[in-house]
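J.: My questions all concern the structure below.
The values are calculated or read from the model by the stated rules, or taken from the named source; none is laboratory data. Owing to the predicted nature of the structure, the values given are computational and were not obtained by experimental measurement. Note that each Cβ is placed from the backbone with ideal geometry, even for glycine, and that neighbours are counted across all protein chains shown. Remember, those area values only see protein heavy atoms, side chains included, never the ligands or the DNA or RNA. Shrake-Rupley method; radii C 1.70, N 1.55, O 1.52, S 1.80 Å.
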Amino acid sequence: MSELMTADALRSAFLQYFVERDHRLAASANLIPTHPAAPLFTNAGMVAFLPYFFREEIPPAVRMTSAQKCVRVRGKHDDIENIGRTTRHLTFFEMLGNFSFGDYFKEGATRYAWKFLTEHLHIPGDRLWATVFKTDDEAVDIWRNVVGLPASRIQRLDEDNFWEMGATGPCGPSSEIFYDKGAELGPDGGPAFGGEERFVEIWNLVFMQDNRLDDGSLQPLPAKNVDTGAGLERILPILQGVNSVFETDVLRRLIGVSEQLCGQPYGKDQERDVSLRIMADHGRAITFLLADGVVPSNEERGYVLRRLIRRTALHAQRAGASRGVLPELAAAVAEVMSSGYPDLTDSLETVQEMLEREERKFRETLVVGLGILDTSLAPGADEIPGDVAFRLHDTYGLPIELTREIAGERGQRVDEQGFEAAMERQRSQARAAEVKEGQGQGVEHAREVLAAHGGVRFVGYDTLECEATLIGVYLGADGRLDVYADRTPFYAEGGGQIGDTGWVIGSSGRGRIVDTTAFLPGAIRHVVELEEGTLAADDVVQLVVDNERRAALRRSHTGTHLLHWALRQVLGPGSRQQGSLVAPDYLRFDVSHHSALTAEQIREVERLVAKQIRSNASVVVTERSQQEAKAEGAIAFFGEKYGERVRVVRAGDHSVELCGGTHANALGDVGEFIIRSEGSVGANVRRIEALVGALAHEAIETERELLRVSSQVLKVKPGDVPAAIERLQETNRTLERQKRALKAELDGQFALELSRGAEDGVVVARADGRDQAALRDLAASLLGAGGVQAVGLIGTPDQNSVAIAVAVASGVPNAPAVARSAAKIVGGGGGGRDPRFAVAGGRDVAKIEDGLVSLRSALVEAASL
């Protein structure tokens, strides 16, 4: 058994072993999965192959292998609370896998695993155990009679050996291989009864034969498949002769970097060691997530990433760091793991910029959060109120998990029920939009079409009209029909581009196609409003795309590519697409960036796009392998899934994208381009909306006309309009200052006149043209002047309402009661709680004189007490 094999060497050895056995090598997929049934993050090797397991797509080979980067931090397989406290749990890890799509099954998978472990890695067979599902006699027979494993080292387990991706999805019995680390690490008894630290699972062989539905029932998959996952970090300790994943080459190097960043040694303090291990693990997770395009935010993936970032920063402080350390930790991750994942180096600068901002904000948040905790707790209290924990989470972005950790350090607990009640109130306000009506049924219809016909052939790159045979007609939402054809020129919504519209014309009926979508890849659905007759399966029809609308979409889509390129030129290569919408009347592009674009940056983006459009360079579309496309410098759009062969769109000399959408033939076809808005749609994400073609020209003409009219009104040349407006604004500011000064002088004179007319220390008067605040200030200024003890003012500020203000000196009772009494007369209310100053209002202007009498009577009586 080699004790020198590194993580890089193990990864290479595994992949080479299966490639030599006719497995096609698949690259590690993005940590953001694209399949509808996938979890929040790619958390297992099989996630990238879900369309093949569901038989929604035909796999490029019946045998495949991969080394998949994975993150498990939320859902059924959430290991975060164990990180750093056990020898085996991680949030980021690499899953080595081999997969069979209807080819070999249990015996083949078991043989491959056993031979790789014992013959290629030279792990002693007498240290290996196997577990199987309790009713899987076939698996037991294979282990005993094919592999030769003694019956004493084969154990039957219940749900632990029935693998499921989550609450729903592909599943089936599994057989797990465990390594016995030795008696010094726990009691005997095998995986079923022995110590968890002694018997460590290193490989899971999943015999995927069922699909778990929403109601909990099992539905057989179309073909028996194999999904295996060998934990690279679980096998490494065996090969390197250590007991913990944190002692293996990659993680130990990252712990060493964490020691340097925190200025504290590893192995001297148990709790500090936990923090250093968390830094090493979380450092990998956050670096890979950021590199794969996840942006910190308060929702979904972004929230999980922010939680990890803040947890890492918190533990860095606990371990002794007195400054921000996450950017340097990310650099160490890139250096250690770039041989297997070279993209880490390419995106490092962007990753570090985001981490620097996030860590700085968290340090500020932590100071505020700790202050709120200190001021919200009663002396001697041992529980943090739920509403306080919710406020920290919702307003200040302090995850509840960190609040729990901080509370635990202080010997306190969190009112979990109160927190959950506050969270549920918030969730109930946003729950409605989560599930689209009828989508579940639509997916089933799409599956029927795929199973019966193998999908819909898209011919819309070459033509906008074709003859087709209907292969499925279903009643959809709002009385519309969901229509499937064997071929179609209609582009289904995808890659940000909305679906085509047009017409379906048959001998027995015709309809307007109002949208085109695809619930599943290859199942293009036409949403039809029937205009006459009927449409049914096997009808031969003409499908006609709305040509004018498609042309507008092509201009918008090519404009989107040019915008993406220009933004990366102006903001830097770290500015990544976070979403897009390509519509016929405008385009929208979401880009990761930490601050608003300046006016100069917007102008520069527009200038760069316009220059490309004027070049009228051709838009060239080719098909390449992913590797060839990457070598050409092609970049992928956010959230899209790409097959083995990809469509590369080269828009001019600079923009090269992987894209399945429709595009202009030349950049000049885009026409004019103008950005009409820029704003925030979340933390670190900016949204840009733009116009192209005739709509952009109309917008420019509208602005030109506004400039012409403005120059005429201001009696200046168009180029002098900004300066003229600035002069007007300065004149207005001067006039406002003079107005305020004059008003103050008049108010002073008015107050003097009122004070001279005081009777027995009481001033009551009508004062129109002032709102409540102005009346209150005037009343307050009168108190004490010439012995004034009480003031009551009433008037109308606008001829439609009544304002009242009352001010009394110390010792004169109940200003609010006096104000309320007068307010009732004029049909209003108010008064407040301040015993000396009160304001009120009403609606009946005709009763002001009656209110005046009420004020005088009440204040004279009050002043005499």
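J.: Which whole-number percent gives the relative contact order of the chain, counting Cα pairs below 8 Å spaced six or more residues apart?
T.: About 6 percent, as a whole number.
J.: Place +1 on the Cβ of every Lys and Arg and -1 on the Cβ of every Asp and Glu in the chain, take the dipole about the Cα centre, and give the residue among Ala790, Val250, Asn225 whose Cα lies farthest towards its positive end.
T.: Ala790
J.: Which one of Val304, Leu276, Leu348 is farthest out on the positive end of the charge dipole of segment 267-394, using unit charges on Cβ (Lys, Arg +1; Asp, Glu -1) and the Cα centre as origin?
T.: After comparing all options, I get Leu276.
J.: While we're looking at this one, here's another question. For segment 259-339, state which trypsin sites (Lys or Arg not before Pro) are in a DSSP loop and have at most 13 other beta carbons lying within 10 Å of their beta carbon. Walk me through the numbers on the way to the answer.
T.: Numbers: sites: Lys268, Arg272, Arg277, Arg284, Arg301, Arg306, Arg307, Arg310, Arg311, Arg318, Arg323; in loops: Lys268, Arg323.
For trypsin sites (Lys or Arg not before Pro) across segment 259-339 that sit outside H, G, I, E and B with at most 13 neighbouring Cβ atoms in 10 Å, the list reads Lys268, Arg323.
J.: Please compute the net charge surrounding Cys466, taking Lys and Arg as +1 and Asp and Glu as -1 over other residues with Cβ under 12 Å from its Cβ. The partial results should precede the final answer.
T.: On the way: positive: Arg457, Arg487; negative: Asp462, Glu465, Glu467, Asp486.
Neighbourhood net charge equals -2.
J.: So, one more: Answer with one residue from Gly719, Leu754, Val802: the one whose Cα lies farthest towards the positive end of the charge dipole of segment 700-854, charges on Cβ with Lys, Arg +1 and Asp, Glu -1.
T.: Gly719
J.: Based on the Cα coordinates of segment 754-837, what is the per residue volume of their convex hull in Å³? Please report the intermediate quantities before stating the final value.
T.: On the way: hull volume 7.0 nm³, N = 84.
Normalising the Cα hull of segment 754-837 by residue number yields 83 Å³.
J.: If I take all pairs of Cα atoms in segment 705-776, what percentage of them are more than 15 Å from each other?
T.: The share of Cα pairs beyond 15 Å in segment 705-776 comes to 70 percent.
J.: Please provide three numbers in whole Å: the alpha-carbon extents of segment 660-744 along the principal axes, with the largest listed first.
T.: Result, largest extent first: 68, 39, 14 Å.
J.: Using alpha carbons only, how many degrees (0 to 90, rounded to 10) separate the axis of helix 772-782 from the longest principal axis of the chain?
T.: Approximately 50 degrees, to the nearest ten.
J.: Further, regarding this structure: List the equivalent ellipsoid semi-axes of segment 261-415 in whole Å, largest first, each obtained as the square root of 5λ for an eigenvalue λ of the Cα gyration tensor.
T.: That gives 29, 18, 12 Å for the three semi-axes.
J.: Please report the projected area of the chain's Cα convex hull averaged over all directions, in nm².
T.: 49.4
J.: Which residues does the label zone of Val368 cover in segment 381-411, counting backbone N under 14 Å from a point 7 Å along Cα→Cβ?
T.: Once the point is set 7 Å along Cα→Cβ of Val368, 391-399 turn out to lie under 14 Å by backbone N, inside segment 381-411.
J.: What's the center-to-center distance, using Cα atoms, between segment 722-758 and segment 310-341 in Å?
T.: When both Cα centres are located, 59 Å separates them.
J.: Let me ask another. How large is Rg/Rh for segment 1-118, to two decimals, with Cα atoms and a Kirkwood Rh?
T.: 0.98
J.: I'd like the orientation of helix 7-19 relative to the chain: the angle between its Cα long axis and the longest Cα principal axis, in ° from 0 to 90, rounded to 10.
T.: Taking the Cα atoms of the chain, the angle to 7-19 is about 60 degrees.
J.: What's the ranking of 796-809, 120-133, 452-465, 223-236 by average number of surrounding C-beta atoms within 10 Å, highest first?
T.: Descending packing order for the listed peptides: 223-236, 796-809, 120-133, 452-465.
J.: Please get the size of the charge dipole for the chain, origin at its Cα centre, with Cβ charges of +1 on Lys and Arg and -1 on Asp and Glu, quoted in debye to the nearest 20. Please report the intermediate quantities before stating the final value.
T.: On the way: 97 positive and 124 negative charges, 408 e Å.
The dipole of the chain has a size of about 1960 debye.
J.: In addition: Where a Cα-Cα gap under 20 Å defines reach, which lysines qualify for Lys106, not counting those fewer than 8 residues away within the same chain?
T.: Those lysines meeting the cut-off are Lys115, Lys134, Lys224.
J.: State, as an integer percentage, the relative contact order of segment 148-243 based on alpha-carbon contacts under 8 Å between residues 6 or more apart.
T.: Details: 155 pairs, mean separation 23.0, N = 96.
For segment 148-243, the relative contact order is 24 percent.
J.: Please compute the Kirkwood hydrodynamic radius of segment 448-494 from all pairs of different C-alpha atoms, in Å with one decimal.
T.: 11.6
J.: Using the beta-carbon distance between Ala381 and Glu196 and R0 = 45 Å, what value does 1/(1 + (r/R0)^6) give for FRET efficiency, to the nearest 0.05?
T.: So the FRET efficiency works out to roughly 0.75.
J.: If you don't mind, there's one more thing I want to ask. For segment 758-806, what % of the accessible area comes from carbon and sulfur atoms, probe 1.4 Å?
T.: Carbon and sulfur together cover 39 percent of it.
J.: Over segment 125-176, with every protein chain in place, what whole percent of the accessible area is carbon and sulfur at 1.4 Å, could you tell me?
T.: 42
J.: Ignoring ligands, DNA and RNA, please state the percent of accessible area on segment 63-123 from carbon and sulfur, probe 1.4 Å.
T.: Values: 800 of 1970 Å².
Of all accessible area on segment 63-123, carbon and sulfur atoms account for 41 percent.
J.: Quick one: give the max-minus-min coordinate of the C-alpha atoms of segment 228-353 along each principal axis, largest first, in Å.
T.: Principal extents (largest minus smallest coordinate, Cα): 40, 39, 24 Å.
J.: About the Cα centre of segment 452-594, what is the dipole size in debye to 20, counting +1 per Lys and Arg Cβ and -1 per Asp and Glu Cβ, all else neutral? The partial results should precede the final answer.
T.: On the way: 13 positive and 18 negative charges, 152 e Å.
Around 720 debye, computed over segment 452-594.
J.: Scan segment 262-333 for GluC sites (Glu not before Pro) in coil per DSSP, keeping those whose Cβ has at most 13 other Cβ atoms within 10 Å, and list them by number. Write down the numbers at each step before the final one.
T.: Numbers: sites: Glu271, Glu299, Glu300, Glu328; in loops: Glu299.
Answer in residue order: Glu299.
J.: In percent, how large is the relative contact order of segment 207-288, given Cα pairs closer than 8 Å and 6 or more residues apart? Walk me through the numbers before you get to the answer.
T.: Values: 60 pairs, mean separation 13.3, N = 82.
It rounds to 16 percent for segment 207-288.
J.: Something else about it: Using the alpha carbon gyration tensor of segment 613-697, what are the three equivalent-ellipsoid semi-axes (square root of 5 times each eigenvalue), largest first, in whole Å?
T.: Values for segment 613-697, descending: 25, 20, 10 Å.
J.: To continue, here is another question. So if we plug the beta-carbon distance of Ile700 and Ala599 into 1/(1 + (r/R0)^6) with R0 = 22 Å, what FRET efficiency do we get, rounded to 0.05?
T.: That gives a FRET efficiency of 0.85.
J.: With labels modelled as points extended 7 Å from the Cα through the Cβ direction, what inter-label distance (nm, one decimal) is found for Lys611 paired with Asn145?
T.: 7.5
J.: Taking a quarter of the surface of the convex hull around the Cα atoms of segment 115-158, what do you get in nm²?
T.: So the mean shadow area of the Cα hull is 3.1 nm².
J.: Using only helices, what value at 222 nm comes out for the chain when you add -39,500 (n - 2.57) per DSSP H run of length 4 or more and divide by the total residues, to the nearest 500 deg cm²/dmol?
T.: Roughly -12500 deg cm²/dmol at 222 nm, from the helical runs in the chain.
J.: Using just the C-alpha positions of segment 90-202 as equal point scatterers, what log10 of I(q)/I(0) does the Debye formula give at each q in 0.21 1/Å?
T.: Results for segment 90-202 at q = 0.21 Å⁻¹ read -1.38.
J.: Quickly rank 174-182, 721-729 as a protection proxy: mean count of other C-beta atoms within 10 Å, highest first. Let's see the in-between values first.
T.: Working: 174-182: 21.1, 721-729: 12.7.
Averaged packing, sorted descending, gives the order 174-182, 721-729.
J.: With every protein chain present, what is the per residue accessible area of the chain (1.4 Å probe, Å²)?
T.: Each residue of the chain exposes 45 Å² on average to a 1.4 Å probe.
J.: Using only the alpha-carbon atoms, how far is helix 848-864 inclined from the longest principal axis of the chain? Give it as 0 to 90 degrees, nearest 10.
T.: Once rounded, the angle reads 80 degrees.
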